[in-house]
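J.: Starting off with a structure, shown below.
The values are calculated or read from the model by the stated rules, or taken from the named source; none is laboratory data. Just so you know, these numbers come straight off a predicted model, no measurement behind them. Don't worry about glycine lacking a Cβ; one is built from the backbone with ideal geometry, like all the others, and counts go over all protein chains shown.
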Amino acid sequence: MTHLRGADFFDAEHHPEITFAVRGAELRDGDAVHVAGQLTVRGISRPIDVVTRLKGADAQGLTLDAEFTVDQEKFGMGWNQLGMMRGLTTVTATLRVTRATA
């Protein structure tokens, strides 16, 4: 799996972090939370909207479960040897959302 860290995919040497900056959130029915934000992969940022499920909350922030689809090509990940990787990838994640400090 080291090829995933390579320059043709995540390019982890130059971009060791994947970040998601929340721009807004809205509580929906039940435990659903609509989150709008900016996903940055390989130094490329794209807006993304995600419907998450609230798993917990405390004074420091929220814990959310999320599943969303990302188009790899929009983040410069074009590697597709023998068609093994499609352009769309489903991401399943637990997000810990905290308020940024100035």
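J.: Can R46 be described as over 14 Å from V97 (Cβ atoms) and touching a helix residue (DSSP H, G or I) at 6+ places or on another chain (Cβ under 7 Å)?
T.: It is true that R46 is over 14 Å from V97 (Cβ atoms) and touching a helix residue (DSSP H, G or I) at 6+ places or on another chain (Cβ under 7 Å).
J.: Among the residues of segment 37-75, how many are in a loop (DSSP other than H, G, I, E, B) and farther than 20 Å from G87 by Cα?
T.: Total meeting the criteria: 2.
J.: Follow-up question, since we're still on this one. What tally of residues in segment 33-44 results from selecting those that are surrounded by 13 or more Cβ atoms within 10 Å (Cβ to Cβ) and under 12 Å from K74 (Cα atoms)?
T.: So the count comes out to 4.
J.: On to the next question. Could you list, in sequence order, the residues of segment 37-68 that are acidic (D, E) and within 13 Å of the chain's Cα centre (by Cα)?
T.: Matches in segment 37-68: D49, D65, E67.
J.: Name the single residue, out of those in segment 6-22 being closer than 15 Å to G37 by Cβ and surrounded by 12 or more Cβ atoms within 10 Å (Cβ to Cβ), that is modelled with the lowest pLDDT.
T.: Only one residue fits best here, namely I18.
J.: Could I ask something else about it? For segment 19-35, name all the residues that are under 21 Å from T101 (Cβ atoms) and of a type in the set (A, V, I, L, M, F, W, C).
T.: F20, A21, V22, A25, V35
J.: Which of the residues that make up segment 15-36 are of a type in the set (A, V, I, L, M, F, W, C), within 14 Å of the chain's Cα centre (by Cα) and not in a loop (DSSP other than H, G, I, E, B)?
T.: Within segment 15-36, F20, A21, V22, V35, A36 qualify.
J.: Answer yes if at least one residue in segment 47-63 is of a type in the set (D, E) and crowded, with 16+ Cβ neighbours inside 10 Å, and no otherwise.
T.: Scanning segment 47-63 turns up no residue that is of a type in the set (D, E) and crowded, with 16+ Cβ neighbours inside 10 Å.
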